[in-house]
1. Quick check: anything in region 188-210 within 21 Å of Met85 (Cα to Cα) and in contact with a helix residue (DSSP H, G or I) (Cβ under 8 Å, 6 or more places away or on another chain)?
2. Suppose the filter is among the basic types (Lys, Arg), more than 15 Å from the chain's Cα centre (by Cα), in a helix (DSSP H, G or I) and more than 25 Å from Ala172 (Cβ to Cβ); does Lys247 pass it?
3. At negative phi, open to solvent by 40 Å² or more (accessible area, probe 1.4 Å), touching a Pro at 6+ places or on another chain (Cβ under 7 Å) and modelled with pLDDT of 95 or more: is that true of Leu250 in this structure?
4. Say whether the condition of being over 30 Å from Leu250 (Cα atoms) and in contact (Cβ under 8 Å) with a residue 24 or more places away in the chain is met by at least one residue in region 77-94.
5. Any idea which of Glu3, Glu29 is open to solvent by 50 Å² or more (accessible area, probe 1.4 Å) and at pLDDT below 85?
6. Please find, within region 136-148, the residue that is nearest to Trp303 (Cα to Cα) out of those that are open to solvent by 40 Å² or more (accessible area, probe 1.4 Å) and under 20 Å from the mean Cα position of the chain (by Cα).
7. Quick one: which residue in Ala264, Ala269 is at pLDDT below 95, touching a Ser or Thr at 6+ places or on another chain (Cβ under 9 Å), in a helix (DSSP H, G or I) and open to solvent by less than 30 Å² (accessible area, probe 1.4 Å)?
8. State all residues of region 189-217 that are open to solvent by 40 Å² or more (accessible area, probe 1.4 Å) and in a helix (DSSP H, G or I); if no residue qualifies, say none.
Amino acid sequence: MIEGILWSVFAGLMLGLYALPEKFTKEFEFENTWGLFFMINTFIIPNIAAYLMVDNFGDILLSIPTNVLVGMGIASFLWGIGVMMWGKAINYIGLSLGFSLFIGTIILIGSLIPFMIDGIPEVHVFGTIMLGIMIVLIGVMSNGRAGLLKQKESEKESEVKSDSMVTGIAIAVVGGLLATGFNYANTVGGGVIYEACVANGNPEWVSAIVVMYIIYIFGGLSIASYFIYQLSAKKLWHNFITPSFPKNTLLTTLMGIFNFSASALFAYAAFKLGQNGGTVGYAIFNTVSVGVAIIGGLITKEWIEAPKQAKQSLYVGLSCMIVGITVIAFGNSLI
């Protein structure tokens with residue numbers, strides 16, 4: 001169990017850091033940066049990982065039952081839409097608040113999905129894990145309050161409209177709901193793909209690569225459609241012709257490596273955590289990512305001019321999330 005928790009934490013650290021390079025791209029609009037990132041992240045990196053790390057990859061895919069593959073595909077397609085909306089929300093309401101609302105939604109809904117599929121554990125285990133999730137959500141709400149206080153202070157000194165805050169919050173929450181398709185796909189396909197990978201001579205950790213391959217490829221289809229349309233409608237394709245393109249490509253590639261690696265590590269952590277791994281690992285994975293994202297926002301001076309009350313609310317939120325994931329981990333140890 002300890003190994004699974006550590007892998008979940010490490011995966012959360014990587015997920016929380018993955019978006020930071022986006023702040024350093026130049027001469028790109030939102031659509032250019034995130035369109036390039038998602039192309040690399042959902043199509044190039046998964047294929048390279050599968051080619052280099054998975055033996056008998058084609059045979060493994062062919063052995064997956066059709067109903068499992070279809071279920072994973074649909075859920076992953078919806079996840080792709082949700083993740084795209086996550087990136088958009090960050091541009092509206094900032095890295096810290098965008099992460100908080102998005103992750104808060106998927107922690108609440110996504111953590112329950114494995115219980116719906118695999119069944120609810122014993123009462124004392126279920127109750128302890130849910131208590132931890134509730135504490136985490138209190139922390140997330142505190143972070144959201146911090147973001148609102150920060151935005152309110154900013155509006156006093158500029159012409160920033162509150163409409164952008166409302167829009168950003170709506171995008172983050174709806175995106176979070178759709179993004180729970182990620183955990184559904186992992187829960188439905190994880191066991192079947194693990195057996196197929198081992199049967200084809202692969203070590204057990206390789207199954208995480210295959211699960212993420214399917215999720216990212218199907219998710220990439222929905223994301224690619226959106227960005228092709230946006231780049232064409234806004235006539236932004238010419239922005240790729242810039243001296244900053246090599247640097248921007250490197251930055252978005254780093255984002256892709258961190259993002260895909262984080263997801264694969266989560267899948268492996270969920271397997272190592274056992275019966276409730278989908279719920280426990282998912283909660284820890286996403287909670288840690290929020291904390292890292294908030295710290296990232298502090299490092300990049302996103303909160304430097306925020307009022308004292310906002311910062312206090314942010315620190316309370318972080319503390320609650322730390323306590324919450326500790327309770328979640330303890331609940332899983334009761335099995």
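The values are calculated or read from the model by the stated rules, or taken from the named source; none is laboratory data. Here the structure is a predicted model, which is why all the values come from computation and not from measurement. With ideal geometry, Cβ positions are generated from the backbone for all residues, glycine too; neighbour counts draw on all protein chains shown. To get the accessible areas, we keep the full protein, side chains included, count just its heavy atoms, and leave off ligands, DNA and RNA. Shrake-Rupley method; radii C 1.70, N 1.55, O 1.52, S 1.80 Å.
1. Of all residues in region 188-210, those within 21 Å of Met85 (Cα to Cα) come to none.
Checking region 188-210: not a single residue is within 21 Å of Met85 (Cα to Cα) and in contact with a helix residue (DSSP H, G or I) (Cβ under 8 Å, 6 or more places away or on another chain).
2. Values: among the basic types (Lys, Arg): yes; more than 15 Å from the chain's Cα centre (by Cα): yes; in a helix (DSSP H, G or I): yes; more than 25 Å from Ala172 (Cβ to Cβ): yes.
Yes.
3. no
4. Checked region 77-94: no residue is over 30 Å from Leu250 (Cα atoms) and in contact (Cβ under 8 Å) with a residue 24 or more places away in the chain.
5. Going through Glu3, Glu29 in turn, the sole match is Glu3.
6. If we take residues in region 136-148 being open to solvent by 40 Å² or more (accessible area, probe 1.4 Å) and under 20 Å from the mean Cα position of the chain (by Cα), then Met141 is nearest to Trp303 (Cα to Cα).
7. Residue meeting the stated conditions: Ala269.
8. Answer for region 189-217, where residues must be open to solvent by 40 Å² or more (accessible area, probe 1.4 Å) and in a helix (DSSP H, G or I): Gly191, Val192, Tyr194, Glu195, Val198, Ala199.
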